[in-house]
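Here's the structure, in structure tokens; my notes come after.
The values are calculated or read from the model by the stated rules, or taken from the named source; none is laboratory data. Everything numeric here is computed off the predicted structure, so don't read it as measured data. Don't worry about glycine lacking a Cβ; one is built from the backbone with ideal geometry, like all the others, and counts go over all protein chains shown. Note: accessible area is taken over every heavy atom of the protein model, side chains too, but ligands, DNA and RNA are not part of it. Shrake-Rupley method; radii C 1.70, N 1.55, O 1.52, S 1.80 Å.
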Amino acid sequence: MKRFLLTIIALTSLSANANQSYSYLSGGYQFTRVSENGMGEYFEDQYNNEESKYLHGAYFRGSWNFYDHLFAEYRIGATTRTSSSLTQNYLALGYYIPLTSDSSLYASAGYADYNAKRSIDSGCGLFDFNDECQTIRFSGYDKGYSAEFGARFQLFPWLQIEPSYRYADFSDEGQHEFRLTNLLTLSENSSFEVNGVYRHWNNLNETNFQLGYRYSF
């Protein structure tokens, strides 16, 4: 019985340490909701939406703890609908501070950008003349420095949460991002991700929901 209990404790410890790893790959499905009048921030008021827009796509996140407590991270989320698409990237270097075996704090800083595209058909209706039909395309792009602060807490052997805040120095006062990453442990190196992301930027109120898989190494 004693050996059995020691084995359970050891496995629990390994699982927690794997989830605290800053070397991992993750990705999956992303659903995006942009509230009314929010698209104008991405398209610099070339296009704005009078009602909420819903987009579907994917996300990817990779991190590498390459030396001591230093890590490099890359993150991308891309979603689209019939006529519009949004992509945002974050590339950074970071440093984490272990607090206990089940918790840590981290900070990262680097580069962020976004790319927004939209195309619409004008004068292409059934009762329009063929020579009036045209496709109108416009896009928005910006880049700037970005910094993030966050923490990790292993609440249970099967659940880790990671709240974080990131600022991106885009035009018009910058963009604020609040993220809550939730990891549901599947095995020593594998976790199921259920994440929520909220972005605020002047008139933009954007919510992202993510469902995916993480492998820690």
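Suppose we flag GluC sites (Glu not before Pro) only when DSSP calls them loop and at most 14 other Cβ atoms lie within 10 Å. Which is the longest uninterrupted stretch of the chain?
That would be 52-172.
On the accessible surface of the chain, probed at 1.4 Å, how many percent belong to carbon and sulfur atoms?
61 percent
Can you bin the chain into rounded, prolate or oblate? Criterion: square roots of the alpha carbon gyration tensor eigenvalues sorted a ≥ b ≥ c, rounded for a/c under 1.5, prolate for a/b above b/c, oblate for the rest.
Here the chain falls in the prolate category.
Determine the per residue accessible area of the chain with all protein chains present and a 1.4 angstrom probe, expressed in square angstrom. Please list the in-between numbers first.
Working: 11660 Å² over 217 residues.
Averaged over the residues of the chain, the accessible area is 54 Å².
Looking only at Leu25, Leu155, Leu180, which one moves most when the chain is put into a Gaussian network model with springs between Cα atoms under 10 Å?
Leu155
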